[in-house]
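The structure appears below as structure tokens.
Quick note: the coordinates plus some simple rules give every number you see, no bench work behind them. Just so we're clear, the structure is a prediction, and the values are computed from it rather than from any experiment. Cβ atoms come from the backbone with ideal geometry, glycine included; neighbour counts cover every protein chain shown.
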Amino acid sequence: LAQPGRPVCRLSAETVNRYLNSLTYEKLNDPGLRAALREARGFCPRHGWGLVRHGAALSAASLLRDVVQTLQRALAVAHAQSAPALAVAGGLQSSFVAQPYNLHARTLAVLSPQVVCPICKVEAEIEGDLLLSFAEGLRSDSTLLGSYRVSDGLCLPHFRQLLAHLGEEEDFDALIHAQQDIWATLERQLDELIRKSGFRNSQVALREESASWLRAIAATAGEVFGSGPHGDGYRQG
Ligand SMILES: [Zn+2]
Ligand SMILES: [Zn+2]
């Protein structure tokens, strides 16, 4: 909590980053992962581009060759099945209009992800575990709430998930109050940024509030690591 940025976003990003690193060696031949990747029709855009790193070329080539082969086979099967149906449809005036849509639907279905991106799945599991241990920590560690209150807090999506993990009304209320304090601080910094920008005075010292607009994006949308706020060291303003 003492480190910059939202802790669940950060820890999740670190773990996903290690996982992506492991794809270039120990996880490369994991049959379960390869099967999931074929079924998912490749990575989601975020994790596909997240894999781009030193030493990943051969692993990415091997993993994605599998995916392309799967797409080729699936498309060939769907296309072979659609050909006779099209001929029949052409001869039947009444069903001619409806039939092509069905054929497209079948092709679209085999080209679509059959399961979620395997890294998204890993990410969701990590975040679920982190939020569960945070919820348990609120019960067992009396200092945690105080540390939370003076931190950047969780991003809105993770805050909602955390609230869903809390069983006790007392924990729920305490966390809501802490979050209200965090947002009040952010709101003050945003006000200051807007107010000082209005003066058109470049000499006015902007400290914490200068990056408050970036923190507001992270607070509501979540953090994206590797680029943007953290890559630019936004805490230094
Ligand atoms: Zn988050
Ligand atoms: Zn993904």
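Miscellaneous remarks
- Listed from fewest to most Cβ neighbours within 10 Å, the set LEU163, LEU111 follows the order LEU111, LEU163.
- With q set to 0.21, 0.32 Å⁻¹, the log10 of I(q)/I(0) for region 152-195, from the Debye formula over equal scatterers at the Cα positions, is -0.70, -1.11.
- Radius of gyration (Cα atoms) of region 36-80, expressed as a multiple of 2.2 N^0.38 Å: 1.29.
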